[in-house]
Amino acid sequence: MKTEVYSWRLSPRLKTDLEEAARAERKSVAELLEQIARDWLERSSSRGGDEDDRQQHLRDAAMKFVGTIQGDDSGRAENARAEVRARIARRHGQ
């Protein structure tokens, strides 16, 4: 028995495409969306590996954006905000 409701906004074109696909499949839009969601979940869980693999993938992706401020400044932590802002300003020519 279905008891949960989920809603979101989508473009008029996507809504029309979903309605046309549902008509072609002789299903309601809700049935089509449930089938799409189930298929996606099955595919993503089968290629996702276990939780450790997913967490490692997330860490690897995040590490691409992690940097350090190098130098011999013993007050680095206290001055980090100013240093980061200065580097951003230099990078973006401000």
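Extent along the principal axes, Cα only, for the chain: 68, 36, 23 Å, with the longest axis given first. With 5 Å bins beginning at zero, the pair-distance distribution over Cα atoms of region 1-48 amounts to 5, 17, 21, 25, 19, 11, 2 %. The simple Förster model, with R0 at 25 Å and r as the Cβ-Cβ distance, assigns LEU10 and ASP39 a FRET efficiency of 0.85. Note on LYS15: lysines with a C-alpha under 17 Å away, same-chain residues under 8 apart excluded, are LYS27. Within the listed set ASP52, ASP73, ASP39, the Gaussian network model of the chain (springs between alpha-carbon atoms below 10 Å) gives the highest mean-square fluctuation for ASP73. Modelled spin labels at MET1 and SER28, positioned 7 Å past Cα toward Cβ, are 1.6 nm from each other.
Distance between the modelled labels on ASP17 and ALA80, one decimal in nanometres: 4.3 nm (7 Å Cα→Cβ projection).
Every number in this text was worked out from the coordinates using simple rules, so none of it is lab data. Model, not experiment: these values are computed from the prediction. We place every Cβ from the backbone using ideal geometry, glycine too, and count neighbours over all the protein chains shown.
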